[in-house]
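Just so you know, all these numbers are worked out from the coordinates, no wet-lab data involved. Since the model is a prediction, treat every value here as computed from it, not as a measurement. Here the Cβ positions follow ideal geometry from the backbone for every residue, glycine too, while neighbour counts run over all protein chains shown.
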Amino acid sequence: MSGGGGGCTGSGSAGGGAKSVGGPGPSSGPEGADSTDGPGAADGPGAAAAPGSTGGGSGVPSGLLVVGDVVTDVVARHRGPLAAGTDTAATIRTVPGGAGANVACWAARQGAEVRLLGRVGADAAAWHERELAAQGVRPRLVVDPQAPTGTVICLVDEGAAAERTFLTDSGASLRLEPADWSDALLDGVARLHLSGYLLFSESSRALAAVALEAARARGVPVSVDPASAGFLGKLGAARFLSLVEGVDVLLPSRDEACLLTGVTDAADAAAALSRRIPLVVAKQGCEGALVARAGKVCARVPAVPARARDTTGAGDAFTGAFLAALLAGGDPESAAAEGCRAGARAVERVGGRPPSPE
C-alpha cells in the first residue's frame with residue numbers, strides 16, 4: 001500500500017514495497033521473525049522517543065511522526081500480459097512495505113529524525129521492527145492479538161512503464177485505533193504525516209481524527225497523502241475532504257487530485273484543492289509535480305529521468321523526501337524537487353524503500 005508518482009515513470013497510487021531481498025528466512029523474513037507476544041508495542045532500539053525528546057537535543061521540535069500502514073509486500077515482476085488459467089513466469093520477492101512505513105524510511109534516508117506508529121500482526125512484528133530500525137526509523141508497532149500483518153501482492157509488468165496492480169489484504173494495518181495513540185508521541189515532533197489509508201476503515205479513521213486534533217492543539221502542521229485512488233473512490237471525495245479538514249499539506253497523485261475535484265486537468269485539480277488546503281503538492285509521475293497555493297499553481301517541478309524497474313512506492317519516496325526537506329528548512333518548491341529525485345531513485349529499484357544504509 002503506497003503512493004505513486006514523483007519519478008520519471010511513476011504515476012498513480014497504492015501498493016508499497018521495499019528493498020529487494022531474497023525473501024523470508026530464519027533471520028530475514030516474516031515467517032522466520034520472532035513474534036512479539038500479545039498486544040502492545042514492539043519496543044526495541046527503534047521505539048518511539050521518550051516524552052520530552054526532540055531528537056536534536058536543541059529543545060526545538062525537529063522530528064517527523066508518521067502514522068500509517070506497515071505491510072508485507074510480495075512483488076511479482078512479469079513481462080507481458082498475465083496468462084489466464086495457466087502459468088506466467090515471474091521474479092518474486094517478499095519485502096517490507098506499506099505507504100506509511102515507506103514514507104518514514106525515505107524521510108529518514110534524507111536525514112530526518114523519524115518515528116512511526118503502525119499496527120502489525122505477531123507473525124511479522126519483529127521482522128518489520130528490524131527492517132524499519134535498519135533504515136533509521138524509530139518504530140512504535142502495536143502488535144494486534146487477532147489479525148495478521150497486512151499483505152499486498154504487487155503485480156509489476158516489466159514493460160517500459162513498469163506499472164503495477166495490487167491485491168491488498170490490509171490485515172492489522174488498518175486496525176489502528178484511538179487506544180493506540182498517545183499525545184506523548186508528538187513530543188519533539190515538528191510535523192505529523194498521516195497515511196491516507198488510515199481513512200479507509202472505521203477504527204483507523206477514529207485514530208487519525210484523534211492524532212489530527214492533538215497535532216492542531218500543539219500547533220504541529222499535518223500532511224496527508226490520499227494513498228489510493230481505488231479506495232478513495234469507494235470512500236467518496238466529499239467524505240475524504242471533510243476528514244482532512246484542517247490539514248496543512250495534501251500530497252495527492254494526479255488521479256487522486258482529479259478524483260477529489262471532479263475535473264480532468266491536473267493543474268486545475270491542484271489549484272481547486274488549494275482553495276481548501278493551504279498547500280497542495282500534486283505528484284504527476286513522468287511530468288514531475290505541481291505546487292499549488294491559494295487557488296493557483298505556483299510552481300511546476302520537472303521530473304528526474306530514470307530507468308524504471310518498478311514504480312511501486314515512488315509516491316511514498318516523493319512524500320518522504322519532500323517532508324524531510326521541509327523539516328530541514330526548504331521551501332515547498334525545493335522540497336518538491338527533492339521529492340522528484342527520490343521518486344526517480346525509487347522506480348529504479350524493486351519495491352518501495354531506499355537501499356539499506358551500509
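With 12 Å as the cut-off, how large is the P(r) tail for the range 88-135, expressed as percent of Cα-Cα pairs? Before the final figure, lay out the partial values.
On the way: 753 of 1128 pairs.
That fraction is 67 percent.
For the range 224-264, what percent of Cα pairs sit more than 14 Å apart? Mind showing how you got there, number by number?
On the way: 319 of 820 pairs.
Result for the distance tail: 39 percent.
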Compute the distance from the alpha-carbon center of the range 261-325 to that of the range 135-198, in whole Å. 21 Å
Run the paramagnetic zone check for GLU245: 7 angstrom along Cα to Cβ, then residues of the range 267-296 with backbone nitrogen under 16 Å. 275-278
Counting only backbone N atoms under 19 Å from a point 7 Å out along Cα-to-Cβ of ALA206, the residues of the range 140-154 in range are 142-147
Output ³J(HN,Hα) for the range 296-307: one whole-Hz value per residue in order, computed from phi by the Karplus curve 6.51 cos²θ - 1.76 cosθ + 1.60 with θ = phi - 60°, and x for Gly and Pro. 9, 7, 9, 7, 10, 9, x, 6, 9, x, 8, 9
Sorted by chain and number, the residues with a modelled amide H under 5 Å from that of VAL350, at a separation of 5 or more or across chains, are SER20
Roughly what % of DSSP beta bridges within the range 60-197 run antiparallel, to the nearest 5? 35 percent
Taking the Cα centroid of the range 94-128 and of the range 203-251, what is the distance between the two, rounded to the nearest whole Å? 19 Å
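Packing-wise, with mean Cβ within 10 Å as the measure, how do 65-71, 187-193, 218-224 rank, highest first? Let's see the in-between values first.
On the way: 65-71: 31.9, 187-193: 23.6, 218-224: 17.9.
Final packing ranking: 65-71, 187-193, 218-224.
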For a quick protection proxy, order the peptides 321-330, 75-84 by their average other-Cβ count within 10 Å, most packed first. 321-330, 75-84
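Order the peptides 96-102, 293-299 from the highest to the lowest mean number of other Cβ atoms within 10 Å of their residues. Spell out each step's value before the answer.
Values: 96-102: 34.6, 293-299: 14.7.
So the order, starting with the most tightly packed, is 96-102, 293-299.
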Between ASP331 and ALA294, what FRET efficiency comes out of the Förster formula 1/(1 + (r/R0)^6) with R0 = 22 Å and r the beta carbon distance, rounded to 0.05? 0.90
Just the C-alpha atoms of the range 166-230: what Rg/Rh do they give, with Rh taken as the Kirkwood radius? 0.99
